[in-house]
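A.B. asks: Handing you a structure now.
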Amino acid sequence: MEFFRIKRDIPFMRSALTFNIISVLLFAAAVFFLFTRGLNLSIEFTGGTVMEVGYSQGANIDGIRSTLNKLGYADAQVQAYGNANDVVIRLPLHKGETSAEQSTKVMAGLLAADPQAQQRRTEFVGPQVGSELATDGLKALALVIFGIVAYLAVRFEWKFSVAAILANLHDVIIVLGFFALFQWEFSLPVLAAVLAVLGYSVNESVVIFDRVRENFRRYRKYSTVQVIDSAITNTISRTVITHGSTLAMAFSMFFFGGPALHYFALALIIGISMSIYSSVFVAAALAMWFGVKREDLIKPGGNKPSNSNDPNAGAVV
Amino acid sequence: MNRYPWWKYLIMVVVLVVGAVYALPNLYGESPSVQISSTNGGKVDNALLVKGEQILDAAGLKPDSADFNGATANYRFSNTNVQLKARDVLAKALNPDADNPQFVVAVNLLSRSPAWLTALNANPMYLGLDLRGGVHFLLQVDMQAAVQKKLDSIAGELRSSLRDKDARYTKLERVGDTVQGVFVDARALGAAKELIARQHPDLQLSAQAPAGPNSFSASLTPAAVTQEEDYALKQNIQTLHNRINELGVAEPIIQQQGRDRVVVELPGIQDVARAKDILGRTASLEVRMVDDSAAGQAAVLGQGPLPAGDQIFPDRDGGKLAVKRDVLLTGDNLTDAQPGFDQQTNEPAVFLTLDSKGARIFQQVTRDNVGKRTAMILFDRGRGEIITAPVIRSEIAGGRVQISGHMTVQEANDTALLLRAGALAAPMTIIEERTVGPSLGQQNISQGFHSVTWGFVAIVIFMSIYYMFFGVVSSIALAVNLLLLVAVLSMLQATLTLPGIAAMALALGMAIDSNVLINERVREELRNGASPQNAIFHGYERAWATIFDSNVTTLIAGVALLIFGSGAVRGFAVVHVLGILTSMFSAVFFSRGLINLWYGRKRRLHSISIGQIWKPEAAAATAGALSSEAAAGAVKSGKSLDAPTPRTTKPRRKVH
């Protein structure tokens, strides 16, 4: 089997401008939603109490809501969780009341309404922990960005490192944009997924940049655009297969992982899909706009040993 | 060129065997068990083991196995339902007096692995609470309170030393984070300053006098503050250990987190309310003298000013007493506290045992103060309450103290428990709490397991069809990666959580990337006309630079998560990072080994099984074709040639 039967290099960069405009629009939309709607942060960030309650027969969500209203928790959110029998109740922080009191009171109320109710999980996070998590998340993000830019600048060249990081931030922001638009719950595992996507997406750009560098060496007569096109064409098969595999895993988590992994898997699916697109059309195109040249990557006289030993060096197919 | 020296194969075999041995315990898994250990003099031995079995038999709960390991009796059960019932039955039968239990009956998980595995220290992965059920608390220690408590005790010492020297002060107490003193004359101030310089090097005097010339203000040096905070945290952790022992939890985790936090994880605990109650109580005990002077009593009744150096606390009967500020003894001097009954009156009582320093102080205090009252003040959540204020009848030597009067049996038990568990050096509050029921944990495990399995199966099927033999090798490498990842996690006894399982799935998805890079590269080399041996060689060589770069960048992200993550994120990051490392080994080194083993020895290799190599027609005609055995017919020319390798007329002999 061979999926890709490519006779000559696909002129990806010819449509770079179109795709970059689309990217800018998508990015702007994501930023817009992030600012207008904001992220639906889980209680891990905001502080509060989450309870998961299981019922033996379909949970009566309206009944639970009215029970909570009677207890004085009009601001509580009640949602079905995974299946019809489980509900998740979110209580924001209440002043002068500890989570212990909150959860005990709520559970007592629910048991009074239905003795079959079963407390499956309770989580309480204090407000200071939440804000720390948010800062730590931002710090982790900053460290990832800095580390990747530094590494790529050393291994390649600053134009590539800047192009890669912009492309990948583009992915991350768009994933966040989806979470803001649909108000999906943004929890700690989702944050982990987003940061993993950042690493993953750079991974993707690096594979293409690697090939760009190699093709600059190999095809001395090619223009920059031709080199980039050929690099993407050479690697497109790997790109699609690798992402297919990773997506298979992410979908497997999405379908079999249950509600606890639902948004985690969703963030990965969007992130992986975006990173295929961005490494081809955004990272490579940005590098092109920044004006990478053969001289940027191939230092005069500084050929790598693998190149000098390359029996196929200079071979044109 | 595609041969490994023997020692590389040896490494492969050794790694594989070690990986298999350490991953194996996870297959056996853990069985729910009930563990009986001793407390308050209960004796755990073979006789008790048999007795326990009889109790279980009578209740119709048959354990799968029962054993006594020298310290605890363990009964294993087939499921958690029976386990919980058995725990209740055993606890009831073995501890007839629930207020004074002789045994701790706790639920536990025991490895089902055979003894030889356990002897090799091979244990299953440690499952996080989200997978096994239990309670997680994050407690915040109030460090300011710890510092203030230290300053209070310094102020107390200064007061009594200055009294001995007849240096008179109108005020000497802690104000915020400082100790402030106001003296009647310069001589008294000088004496105080001299005393501080000599006896309290951890205090630093501030340059400003807070109230007039004959006053001072002093605070703890930064070093002393740090030391005090360290001490407070350690003591609190110790106290939590003691309290949790009272709860009967088999494998509690009590760990410091950051400068001022403590994580407590109690696997298998169902009774959250009780756990919270015991943990959340911030009792500390102080013994002080009661001020029964006329002025003191007048102050209690609100008919006069409070004498200097006094404080008023409520007692348990709704009354109030004036008590000296000076602390004679604290809970630190207490080594044991047991509930019991007064031999003469048969009233409930608490028996205290003091350490040698405490005994010495108490003997001196009781000698000097016969006929006066001491107050035992319990500070709970910052509020002091006088538990009891017994009259000192005679000098008490030897450090054995009995407190009796006005107590119910329950109160005596509670008081003894709190005193025995030790006081907290500083109050703590629960700032994070998670409870996961055991059924939810089971569900999380099976769902996580399913997502890994199905994703894995999908990848293996695709790879094997698309890349034929190379795909099978990639799949084997992927399986080895999973094996190694599980083995490393088991060896490190890192905690596996649900995000960890997710990271495992993601790691597998990403690990296949290295193999795809290699396989695509090998195909490309073939397409460009390289000989099979050359294609394998250069495929692996050239893919390596890319694999290395891309994995390092992913590793950077993983390490950042590890540094800044906590809880769920950290669980994810640990597996993520380990998965990248194991994938470099399995996808590059191990798969190369297998390919070398299969193809490397063949001198004249005509074709390799890596799926169809499609070529543009023109290229196929000019560059000389080579195709895989599986898809020979698919090449337009139908040629399956031993490709000419003009540029490598001298194949390198170097062994890779």
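A.B. asks: Do we find that A:Met274 is aliphatic (A, V, I, L, M), within 19 Å of A:Ile22 (Cβ to Cβ) and surrounded by fewer than 24 Cβ atoms within 10 Å (Cβ to Cβ) in this structure?
C.D. replies: no
A.B. asks: While we're here: Quick check, is B:Pro213 on the phi < 0 side of the Ramachandran plot, loosely packed, with under 13 Cβ neighbours inside 10 Å and either modelled with pLDDT of 85 or more or in contact with a His (Cβ under 8 Å, 6 or more places away or on another chain) (or both)?
C.D. replies: Taking the combined requirement at face value, the residue does not satisfy it.
A.B. asks: Restrict the check to segment B:301-324 and report whether at least one residue is buried (at least 20 other Cβ atoms within 10 Å of the Cβ) and of a type in the set (Val, Ile, Thr).
C.D. replies: Yes: segment B:301-324 contains one or more residues that are buried (at least 20 other Cβ atoms within 10 Å of the Cβ) and of a type in the set (Val, Ile, Thr).
A.B. asks: Now for a different question. Would you pick out the residues in segment B:102-145 that are closer than 28 Å to B:Glu411 by Cβ and out of contact with any Gly (no Cβ under 8 Å at 6 or more places or on another chain)?
C.D. replies: Result: B:Val135, B:Phe137, B:Leu139, B:Val141, B:Asp142.
A.B. asks: Go through segment B:330-380 and count every residue that is touching a Phe, Trp or Tyr at 6+ places or on another chain (Cβ under 6 Å) and assigned to a helix (DSSP H, G or I).
C.D. replies: Matching residues across segment B:330-380 total 0.
A.B. asks: Only residues that are assigned to a helix (DSSP H, G or I) and open to solvent by 20 Å² or more (accessible area, probe 1.4 Å): list them for segment B:150-188, please.
C.D. replies: Within segment B:150-188, B:Lys150, B:Asp152, B:Ser153, B:Glu157, B:Ser160, B:Ser161, B:Arg163, B:Asp164, B:Ala186, B:Arg187 meet the criteria.
A.B. asks: Here's something else I'd like to know. Take residues that are touching a Phe, Trp or Tyr at 6+ places or on another chain (Cβ under 7 Å), on the phi > 0 side of the Ramachandran plot and among the β-branched types (Val, Ile, Thr) and tell me which of the strands (runs of 3 or more DSSP E) falling wholly in segment B:1-86 contain 3 or more.
C.D. replies: Per the criteria, no element qualifies.
A.B. asks: Among what's in segment B:564-585 and is at negative phi and touching an Asp or Glu at 6+ places or on another chain (Cβ under 9 Å), pick the residue that is farthest from the other protein chains (Cβ to nearest Cβ).
C.D. replies: B:Ser583
A.B. asks: Take B:Leu120 and decide whether it is over 23 Å from B:Leu496 (Cα atoms) and touching a residue at least 60 places away in the same chain (Cβ under 8 Å).
C.D. replies: Spelling it out, it is not the case that B:Leu120 is over 23 Å from B:Leu496 (Cα atoms) and touching a residue at least 60 places away in the same chain (Cβ under 8 Å).
A.B. asks: For segment B:230-247, indicate whether the set of residues that are touching a strand residue (DSSP E or B) at 6+ places or on another chain (Cβ under 7 Å), open to solvent by less than 60 Å² (accessible area, probe 1.4 Å), more than 11 Å from B:Val141 (Cβ to Cβ) and not aliphatic (A, V, I, L, M) is non-empty.
C.D. replies: no
A.B. asks: Taking B:Val179 as the residue in question, decide whether it is over 26 Å from B:Ser284 (Cα atoms) and more than 14 Å from every other protein chain (Cβ to nearest Cβ). Show your work before the answer.
C.D. replies: Details: over 26 Å from B:Ser284 (Cα atoms): no; more than 14 Å from every other protein chain (Cβ to nearest Cβ): yes.
No, not satisfied.
A.B. asks: Looking at B:Leu418, is it modelled with pLDDT under 75, more than 10 Å from every other protein chain (Cβ to nearest Cβ) and more than 21 Å from the chain's Cα centre (by Cα)?
C.D. replies: For B:Leu418, the condition - modelled with pLDDT under 75, more than 10 Å from every other protein chain (Cβ to nearest Cβ) and more than 21 Å from the chain's Cα centre (by Cα) - is met.
A.B. asks: Got a number for residues in segment B:98-145 being within 21 Å of the chain's Cα centre (by Cα), open to solvent by 30 Å² or more (accessible area, probe 1.4 Å) and among the aromatic types (Phe, Trp, Tyr)?
C.D. replies: 1
This table checks each residue for (1) more than 26 Å from the chain's Cα centre (by Cα); (2) at pLDDT below 90.
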residue: B:Ala458; (1), (2): yes, no
residue: B:Ile461; (1), (2): yes, no
residue: B:Ser475; (1), (2): yes, no
residue: B:Ala479; (1), (2): yes, no
residue: B:Val488; (1), (2): no, no
residue: B:Pro499; (1), (2): no, yes
residue: B:Ile518; (1), (2): yes, no
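A.B. asks: If you check B:Leu483, B:Leu506, B:Leu526, which single one turns out to be open to solvent by less than 20 Å² (accessible area, probe 1.4 Å), away from chain A (no Cβ under 11 Å) and either small (Gly, Ala, Ser) or in a helix (DSSP H, G or I) (or both)?
C.D. replies: Of B:Leu483, B:Leu506, B:Leu526, the one residue that is open to solvent by less than 20 Å² (accessible area, probe 1.4 Å), away from chain A (no Cβ under 11 Å) and either small (Gly, Ala, Ser) or in a helix (DSSP H, G or I) (or both) is B:Leu526.
A.B. asks: Got a number for residues in segment A:184-201 being open to solvent by 10 Å² or more (accessible area, probe 1.4 Å), more than 7 Å from every other protein chain (Cβ to nearest Cβ) and either in contact with a Pro (Cβ under 7 Å, 6 or more places away or on another chain) or within 13 Å of B:Gly558 (Cβ to Cβ) (or both)?
C.D. replies: Residues meeting the conditions: 0.
A.B. asks: Hey, can you tell me all the residues within segment A:60-107 that are open to solvent by 70 Å² or more (accessible area, probe 1.4 Å), within 12 Å of chain B (Cβ to nearest Cβ) and among the hydrophobic types (A, V, I, L, M, F, W, C)?
C.D. replies: Matches in segment A:60-107: A:Leu93 only.
A.B. asks: Sticking with this one: Within segment B:425-456, can you find the residues that are within 30 Å of B:Asp332 (Cα to Cα), more than 7 Å from chain A (Cβ to nearest Cβ) and of a type outside the set (Val, Ile, Thr)?
C.D. replies: The answer is B:Ala425, B:Ala426, B:Pro427, B:Met428.
A.B. asks: Can you name every residue in segment B:529-562 that is open to solvent by 20 Å² or more (accessible area, probe 1.4 Å), among the aliphatic types (A, V, I, L, M) and more than 7 Å from chain A (Cβ to nearest Cβ)?
C.D. replies: Of everything in segment B:529-562, those that are open to solvent by 20 Å² or more (accessible area, probe 1.4 Å), among the aliphatic types (A, V, I, L, M) and more than 7 Å from chain A (Cβ to nearest Cβ) turn out to be B:Leu555, B:Val559, B:Leu562.
A.B. asks: While we're looking at this one, here's another question. Scan segment B:281-300 for residues that are assigned to a loop (DSSP other than H, G, I, E, B) and surrounded by 14 or more Cβ atoms within 10 Å (Cβ to Cβ) and report the count.
C.D. replies: Of the residues in segment B:281-300, 5 are assigned to a loop (DSSP other than H, G, I, E, B) and surrounded by 14 or more Cβ atoms within 10 Å (Cβ to Cβ).
A.B. asks: Being in contact (Cβ under 8 Å) with a residue 12 or more places away in the chain and open to solvent by less than 70 Å² (accessible area, probe 1.4 Å) is the filter here; which residues of segment A:24-40 pass it?
C.D. replies: Those that are in contact (Cβ under 8 Å) with a residue 12 or more places away in the chain and open to solvent by less than 70 Å² (accessible area, probe 1.4 Å): A:Ala29, A:Ala30, A:Val31, A:Phe33, A:Leu34, A:Gly38, A:Leu39, A:Asn40.
A.B. asks: Residue by residue through segment B:446-478, note down the ones that are under 12 Å from B:Met504 (Cα atoms), open to solvent by 10 Å² or more (accessible area, probe 1.4 Å) and aliphatic (A, V, I, L, M).
C.D. replies: Residue satisfying the conditions is B:Val452 alone.
The values are calculated or read from the model by the stated rules, or taken from the named source; none is laboratory data. Fair warning: this is a prediction, and the values are worked out from it, not measured in the lab. Cβ sites come from the backbone with ideal geometry, for glycine too, and all protein chains shown count toward neighbours. We work out accessible area using only protein heavy atoms, side chains counted, and drop any ligands, DNA or RNA first. Shrake-Rupley method; radii C 1.70, N 1.55, O 1.52, S 1.80 Å.
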